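Student: Dumping the structure here so I can ask a few things about it.
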Amino acid sequence: MKLILLGPPGSGKGTVSEKLEKDLNLLHISAGELLREEVQKKTTIGKDIKEYIDRGELVPNKFVVEMVKLEVKNKDNYILDGFPRSIEQAKEIEDLGITLVIYLEVPEKIVIERFAGRRVCKEGTHGYHIKYLPPKKEGICDQDGSPLVQRKDDKPEVIKERFRIYHQETQPLIDYYTKKSILKKVDGALAPEIVYTAVKKVVKKSLSR
Ligand code: AMP
C-alpha cells in the first residue's frame with residue numbers, strides 16, 4: 001500500500017497517519033517532519049528551510065523531493081503525509097505507483113478553529129489538540145513524556161499564508177488524482193475517532209482488492 005494523505009493544513013493528516021502506522025504497519029513519512037528534523041540539525045540547508053517554514057511557504061522542491069524519495073526507496077508500504085503538495089511534486093513521484101490517495105475534506109472555518117488548540121510534543125512527532133485530542137496528562141506527550149508546545153507556524157499570520165499556498169498549489173491535486181481514479185474523499189470535519197474509522201475502512205477496502 002502506497003498511500004497519500006491529502007488535505008488542508010490542520011485537516012488531521014498527521015493524526016490519521018500516526019494511527020494507521022500502528023494499526024496497519026504502514027511507515028509514516030511526513031514531509032514536514034523530515035524538514036523540521038533538518039532544521040533542528042542547524043545545517044546550512046536547515047537554516048534555509050527554516051525561513052520557508054516560518055513564513056508558511058512551500059520549501060523548494062530541490063530540498064523536499066529528494067528527501068522524500070530517499071525515504072520511500074525500495075519500500076512498498078507507507079503513508080505520505082504532506083507530500084506531494086503541488087502538481088510538480090506529484091509528477092516527480094509518478095514512477096512510485098501510488099495505490100490510493102485519501103483526501104480529508106474539512107471546511108476552512110473548522111480547521112482555523114482547530115489551530116488554536118493544536119499542540120505537538122517537543123520531540124515533534126506526536127500531535128494533540130487540547131479539546132478534541134487531549135493527552136492523558138495535561139501538557140505532556142503520552143508517548144514520549146516530552147512537553148507539548150505550539151508549532152511556530154501555527155500562529156494566525158502564518159496559517160493564513162499556509163492556506164493561500166494550499167489553495168494555489170495543493171488543491172489542484174484533488175483533480176489530478178481524481179482523473180487517475182485513485183482518490184477517495186473522507187469527511188475530516190468529524191471527531192478524530194470517526195474520521196479515523198472512515199479512513200481505515202477505505203484503506204482496508206483498497207488492500208482487499
Ligand atoms: P506540515 O508539517 O505538513 O504542516 O508542514 C509544515 C511546513 O513544512 C509547510 O508549511 C511547508 O513550509 C513545509 N512543507 C511540508 N511539506 C512540504 C512539501 N511537500 N513541499 C514543500 N514544503 C513542505
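The values are calculated or read from the model by the stated rules, or taken from the named source; none is laboratory data. All values reported here derive from a predicted model rather than from experimental measurement. Neighbour counts run over all protein chains shown; Cβ positions are idealised from the backbone, glycine included. Each accessible area value is taken on the protein alone, full model and side chains, heavy atoms only, with ligands, DNA and RNA left out. Shrake-Rupley method; radii C 1.70, N 1.55, O 1.52, S 1.80 Å.
Student: Tally up the residues in the stretch 65-89 that are near the ligand (Cβ under 8 Å from one of its atoms) and either within 14 Å of the chain's Cα centre (by Cα) or assigned to a strand (DSSP E or B) (or both), please.
Tutor: Within the stretch 65-89, residues that are near the ligand (Cβ under 8 Å from one of its atoms) and either within 14 Å of the chain's Cα centre (by Cα) or assigned to a strand (DSSP E or B) (or both) number 7.
Student: Any chance the stretch 121-136 includes a residue that's open to solvent by less than 50 Å² (accessible area, probe 1.4 Å) and at pLDDT below 90? Working first, answer last.
Tutor: If we filter the stretch 121-136 for residues that are open to solvent by less than 50 Å² (accessible area, probe 1.4 Å), which is where we start, we get 121, 124, 126-129, 133, 135.
Retained after the next criterion (residues that are at pLDDT below 90): 124.
Yes, the stretch 121-136 contains a residue that is open to solvent by less than 50 Å² (accessible area, probe 1.4 Å) and at pLDDT below 90.
Student: Please determine whether any residue of the stretch 143-157 is touching a Gly at 6+ places or on another chain (Cβ under 8 Å), among the β-branched types (Val, Ile, Thr) and either open to solvent by 50 Å² or more (accessible area, probe 1.4 Å) or more than 29 Å from Ile98 (Cα to Cα) (or both).
Tutor: no
Student: Also: Within the stretch 29-64, how many residues turn out to be outside any helix (DSSP H, G or I) and either open to solvent by less than 70 Å² (accessible area, probe 1.4 Å) or within 25 Å of Thr99 (Cα to Cα) (or both)? Step through it out loud before you land on a result.
Tutor: Initial filter on the stretch 29-64 (outside any helix (DSSP H, G or I)): 29-30, 41-43, 56-60.
Narrowing further to those that are either open to solvent by less than 70 Å² (accessible area, probe 1.4 Å) or within 25 Å of Thr99 (Cα to Cα) (or both): 29-30, 43, 56-60.
Count: 8.
Student: Being at pLDDT 90 or above, under 20 Å from Asp54 (Cβ atoms) and open to solvent by 50 Å² or more (accessible area, probe 1.4 Å), is that true of even one residue in the stretch 84-104? Break it down stepwise before answering.
Tutor: To start, the set of residues in the stretch 84-104 that are at pLDDT 90 or above comprises 84-104.
Narrowing the set further to residues that are under 20 Å from Asp54 (Cβ atoms) leaves 85-86.
Cutting the leftovers down to open to solvent by 50 Å² or more (accessible area, probe 1.4 Å) gives us 85.
Yes.
Student: Would you check if there is a residue in the stretch 160-181 being among the small types (Gly, Ala, Ser) and either in contact with a Gly (Cβ under 7 Å, 6 or more places away or on another chain) or open to solvent by less than 20 Å² (accessible area, probe 1.4 Å) (or both)?
Tutor: Restricting attention to the stretch 160-181, the residues satisfying the condition of being among the small types (Gly, Ala, Ser) are 181.
From the residues that got through so far, the ones that are either in contact with a Gly (Cβ under 7 Å, 6 or more places away or on another chain) or open to solvent by less than 20 Å² (accessible area, probe 1.4 Å) (or both) too are none.
Looking for residues that are among the small types (Gly, Ala, Ser) and either in contact with a Gly (Cβ under 7 Å, 6 or more places away or on another chain) or open to solvent by less than 20 Å² (accessible area, probe 1.4 Å) (or both), one finds none in the stretch 160-181, hence no.
Student: Looking only at the stretch 1-26, filter to residues that are hydroxyl-bearing (Ser, Thr, Tyr) and outside any loop (DSSP other than H, G, I, E, B); which one of those is surrounded by the most Cβ atoms within 10 Å (Cβ to Cβ)?
Tutor: Initially, the stretch 1-26 is screened for residues hydroxyl-bearing (Ser, Thr, Tyr), giving 11, 15, 17.
When the remaining residues are screened for being outside any loop (DSSP other than H, G, I, E, B), the result is 15, 17.
Values: Thr15: 22, Ser17: 25.
The qualifying residue surrounded by the most Cβ atoms within 10 Å (Cβ to Cβ) is Ser17.
Student: Enumerate the pairs (first residue in the stretch 42-67 and without any contact (Cβ under 8 Å) to a residue 24 or more places away in the chain; second residue anywhere and exposed (fewer than 12 other Cβ atoms within 10 Å of the Cβ) and not in a helix (DSSP H, G or I)) with beta-carbon separation below 8 Å, excluding pairs fewer than 6 apart on the same chain, so at least 6 apart or on different chains.
Tutor: Tyr52/Pro60
Student: Has the stretch 25-32 got any residue that is closer than 14 Å to Asp154 by Cα and either at pLDDT below 95 or within 13 Å of the ligand (Cβ to nearest atom) (or both)?
Tutor: Let us first name the residues in the stretch 25-32 that are closer than 14 Å to Asp154 by Cα, namely 32.
With either at pLDDT below 95 or within 13 Å of the ligand (Cβ to nearest atom) (or both) added as a condition, the list becomes 32.
Scanning the stretch 25-32, I find at least one residue that is closer than 14 Å to Asp154 by Cα and either at pLDDT below 95 or within 13 Å of the ligand (Cβ to nearest atom) (or both), so the answer is yes.
Student: How do the pairs read when you match residues in the stretch 87-115 that are in contact (Cβ under 8 Å) with a residue 40 or more places away in the chain and more than 17 Å from Val195 (Cβ to Cβ) with residues anywhere that are surrounded by fewer than 19 Cβ atoms within 10 Å (Cβ to Cβ) and hydroxyl-bearing (Ser, Thr, Tyr), using Cβ under 9 Å and keeping only pairs 6 or more apart or on different chains?
Tutor: Pairs that qualify, where the first residue is in contact (Cβ under 8 Å) with a residue 40 or more places away in the chain and more than 17 Å from Val195 (Cβ to Cβ) and the partner is surrounded by fewer than 19 Cβ atoms within 10 Å (Cβ to Cβ) and hydroxyl-bearing (Ser, Thr, Tyr), are Ile87/Tyr176; Ala90/Tyr176; Thr99/Ser206.
Student: Name the single residue that is farthest from Lys204 (Cα to Cα) among those in the stretch 105-118 being within 15 Å of the chain's Cα centre (by Cα) and open to solvent by less than 10 Å² (accessible area, probe 1.4 Å).
Tutor: Filtering the stretch 105-118 for residues that are within 15 Å of the chain's Cα centre (by Cα) and open to solvent by less than 10 Å² (accessible area, probe 1.4 Å), the one farthest from Lys204 (Cα to Cα) comes out as Phe115.
Student: Here's another thing I want to ask about it. Please go through the stretch 199-209 and pick out each residue that is open to solvent by 40 Å² or more (accessible area, probe 1.4 Å) and not polar (S, T, N, Q). Working first, answer last.
Tutor: If we filter the stretch 199-209 for residues that are open to solvent by 40 Å² or more (accessible area, probe 1.4 Å), which is where we start, we get 200-201, 204-205, 207-209.
Correct list: Lys200, Lys201, Lys204, Lys205, Leu207, Arg209.
Student: Give me a count of the residues in the stretch 145-190 that are assigned to a helix (DSSP H, G or I) and within 16 Å of the ligand (Cβ to nearest atom).
Tutor: So in the stretch 145-190, the residues assigned to a helix (DSSP H, G or I) come out as 152-154, 156-170, 172-179.
Filter once more, so that each one left must be within 16 Å of the ligand (Cβ to nearest atom): 152-154, 156-170, 172-174, 176-177.
Number satisfying all stated conditions: 23.
Student: Right, here's the next one. From the set of residues in the stretch 185-199 that are of a type in the set (Val, Ile, Thr) and touching a strand residue (DSSP E or B) at 6+ places or on another chain (Cβ under 8 Å), which is nearest to Arg114 (Cα to Cα)? Reasoning before the result, please.
Tutor: Quick first cut of the stretch 185-199, residues of a type in the set (Val, Ile, Thr) only: 186, 194-195, 197, 199.
Filter again for touching a strand residue (DSSP E or B) at 6+ places or on another chain (Cβ under 8 Å), leaving 186, 195, 199.
On the way: Val186: 18, Val195: 15, Val199: 20 Å.
Checking each candidate, the answer is Val195.
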